[in-house]
Ligand code: SF4
């Protein structure tokens, strides 16, 4: 009898397994949220659960590829650390509450704060998302100018440098370039799948790749030549390259004459920066600088110096803005602006607006308290991004009283965490919108749980710009597992409870239809394909660009009027390691290809890669390490003005001796993130709160640490 029952069960299991294996699979085009690239993907669902993902081959951005982070992050859908309902902090502990209670209590508190300190005391900060226009609308509807992104800790210096030279941030036509020079950018590590694919295409056609980086990065592995520059001196290299182009007449005369202003002034000043001078500053031999410049010039205009991102000049140094200006000018002298194989102005979809159907709020009447765009404060700062790392200071001064933090974790991603914690804790009301209890969410008064990206629709996106513009869509793939809501719905419902619902009488479906209207595409068509090409194809050349002169501004009168050098000139980094002190290093940092900073650190499969390959270590030049008595894998203490911590070292020839390098994504201190908690260190633990005097960026490589054997 017993044997019969067992065989029945085995038969049942087999039939269950067969039914499951043969269950139909559905495919949903959507968008990966594993990092800011928002790659277009197809998600497959089987038996109501996520089955697998693959890249959408039609996407400009990822060209059908998916990176390890994207494959790992999907599993966070089922991560037990997810928040399951709205939470309220009572006596230091979170209690689940209803959405209605959360909205009502938040609205009551905000009304009191507005009465007491005015609407400008409220701020919103998010990592930019396609729905950020609605967050901005909410702040403006309330009368606050305080909408922020993470930009001041990431890219604002780069954007400002390009804006003041060619009027906007351009793209790199890597696939068609014959000579690519990448300074301090690591697309194979801080991953940009399309760029890596394009570099590979260019190389297969015979292009040369030169990578300039103090560290032998993942991109340097692909390079024909790696130049281990002294950190903080990229500006000297660029000035010397310009010097060679001008002195030897290697520049594109026709382009310079017709499309630029200020060449004569450049010619007068650049004589101060010969390669022999640069060699002493940046430690790249003068003859190498001359050779590379000549090699590039010989192949112009199908050559490019990569436009850059975070590393080298995104927000790293006191001289970052001038470095980007020099980079843009060097490209211009090669005549490659908006040229095939050079630097080009990507086509981006011009989305439709909610107005006139839905009125636009009047907008704030006061300037931003952080001083962005204000002469005498941070005139070159980005008003749209604001200076995110100024928020704790403004909160401590009582200028900001209430904050919404959405899809962002400033307590871990801002410099000087003790100061950031003090500032955010000073707020009378902190509301976090997140999927997990990050460091910031852990100290919030209320936490509103956002549905995981595979559980929600989102706003039509224009992320995939390129030789032809594209729109993309994030669609719901599986049913929501918990009492969570999509980000856009949360913004609209907050507005309704805060008394500004008249500006939010739309839903996501209608907003998406309105976004697509001028493009002539239907939402149904976009949902079916995931991405659609829109607008006209890119055309080479330009008549007029978006600068005051309509030309490339080698000399900028605007900068001169604001009191900044109109032509780039050498500027020392703010701080430098003491060459006589064996313990003194500059602290550099960057991404590993399988983590998006702290966001994916709690992902068990991705963290398993860190453990398996022993990657939670501080990179140090082998010779310097041995002078400190260290062996590979030995433990060190790192100490700065604001923080200290212990970590094991990786001794390597692949890093400049003057610096150490810490991978980002570690040092998580929220106990609610069970996989990532207390593993490794974050570079932010060692960074003081700094503001570049022109742009206001965080200058996050301007930090000297003492490293000692433990
Ligand atoms: S680069 Fe990777 S993590 Fe980022 S969006 Fe693309 S697939 Fe996702």
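What are the residues in the stretch 190-206 that are under 14 Å from residue 59 (Cα atoms) and more than 10 Å from the ligand (Cβ to nearest atom), if any?
Listed by number, the residues that qualify are 195, 197, 198.
For (1) in contact with a strand residue (DSSP E or B) (Cβ under 7 Å, 6 or more places away or on another chain); (2) touching a residue at least 60 places away in the same chain (Cβ under 8 Å), each residue gets a yes or a no:
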{"site": "158", "(1), (2)": "no, yes"}
{"site": "162", "(1), (2)": "no, yes"}
{"site": "175", "(1), (2)": "no, no"}
{"site": "182", "(1), (2)": "yes, yes"}
{"site": "211", "(1), (2)": "yes, no"}
{"site": "215", "(1), (2)": "yes, yes"}
{"site": "221", "(1), (2)": "no, no"}
{"site": "227", "(1), (2)": "yes, yes"}
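Of all residues in the stretch 19-32, which are touching a helix residue (DSSP H, G or I) at 6+ places or on another chain (Cβ under 8 Å) and more than 7 Å from the ligand (Cβ to nearest atom)?
Across the stretch 19-32, the qualifying residues are 29, 30, 31.
Any residue at all in the stretch 94-110 that is modelled with pLDDT under 95, closer than 30 Å to residue 607 by Cβ and not in a loop (DSSP other than H, G, I, E, B)?
Taking the stretch 94-110 and keeping what is modelled with pLDDT under 95, we get none.
Checked against the condition, which is being modelled with pLDDT under 95, closer than 30 Å to residue 607 by Cβ and not in a loop (DSSP other than H, G, I, E, B), the stretch 94-110 yields no hits at all.
Which condition breaks for residue 283 when tested against (1) surrounded by fewer than 24 Cβ atoms within 10 Å (Cβ to Cβ); (2) modelled with pLDDT under 95; (3) on the phi > 0 side of the Ramachandran plot?
Evaluating residue 283 over (1) surrounded by fewer than 24 Cβ atoms within 10 Å (Cβ to Cβ); (2) modelled with pLDDT under 95; (3) on the phi > 0 side of the Ramachandran plot leaves (2) as the failure.
Among the residues of the stretch 518-540, are any within 16 Å of the ligand (Cβ to nearest atom), outside any helix (DSSP H, G or I), under 29 Å from the mean Cα position of the chain (by Cα) and on the phi < 0 side of the Ramachandran plot?
yes
List the pairs whose first member sits in the stretch 56-76 and is more than 20 Å from residue 609 (Cβ to Cβ) and free of Cβ contacts under 8 Å to residues at least 60 places away in the same chain, whose second member is assigned to a helix (DSSP H, G or I) and near the ligand (Cβ under 8 Å from one of its atoms), and whose Cβ atoms are under 9 Å apart, counting only residues at least 6 apart or on separate chains?
From residues that are more than 20 Å from residue 609 (Cβ to Cβ) and free of Cβ contacts under 8 Å to residues at least 60 places away in the same chain, the pairs are 64/193.
Give the stretch 526-538 a look and list any residue that's under 13 Å from residue 28 (Cα atoms) and either without any contact (Cβ under 8 Å) to a residue 12 or more places away in the chain or surrounded by fewer than 19 Cβ atoms within 10 Å (Cβ to Cβ) (or both), or say none.
Matches in the stretch 526-538: 527, 528, 529.
Condition check ((1) modelled with pLDDT under 95; (2) away from the ligand (no atom under 16 Å from the Cβ); (3) in contact with a strand residue (DSSP E or B) (Cβ under 9 Å, 6 or more places away or on another chain)) across all residues:
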residue: 638; (1), (2), (3): no, yes, yes
residue: 646; (1), (2), (3): no, yes, yes
residue: 659; (1), (2), (3): no, yes, yes
residue: 664; (1), (2), (3): yes, no, yes
residue: 677; (1), (2), (3): no, yes, yes
residue: 690; (1), (2), (3): no, yes, no
residue: 699; (1), (2), (3): no, yes, no
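So for the stretch 61-71 (the condition being more than 16 Å from the ligand (Cβ to nearest atom), in contact with a helix residue (DSSP H, G or I) (Cβ under 9 Å, 6 or more places away or on another chain) and assigned to a loop (DSSP other than H, G, I, E, B)), does at least one residue qualify?
Within the stretch 61-71 (the criterion being more than 16 Å from the ligand (Cβ to nearest atom), in contact with a helix residue (DSSP H, G or I) (Cβ under 9 Å, 6 or more places away or on another chain) and assigned to a loop (DSSP other than H, G, I, E, B)), the answer is no, since none of the residues qualifies.
I'd like to know if the stretch 603-612 contains one or more residues that are touching a strand residue (DSSP E or B) at 6+ places or on another chain (Cβ under 8 Å) and crowded, with 20+ Cβ neighbours inside 10 Å.
Within the stretch 603-612, not a single residue is touching a strand residue (DSSP E or B) at 6+ places or on another chain (Cβ under 8 Å) and crowded, with 20+ Cβ neighbours inside 10 Å.
The values are calculated or read from the model by the stated rules, or taken from the named source; none is laboratory data. A quick note: this is a predicted structure, and the numbers were derived from the prediction, not measured. Neighbour counts are summed over all protein chains in view; Cβ atoms, including those assigned to glycine, are modelled from backbone coordinates with ideal geometry.
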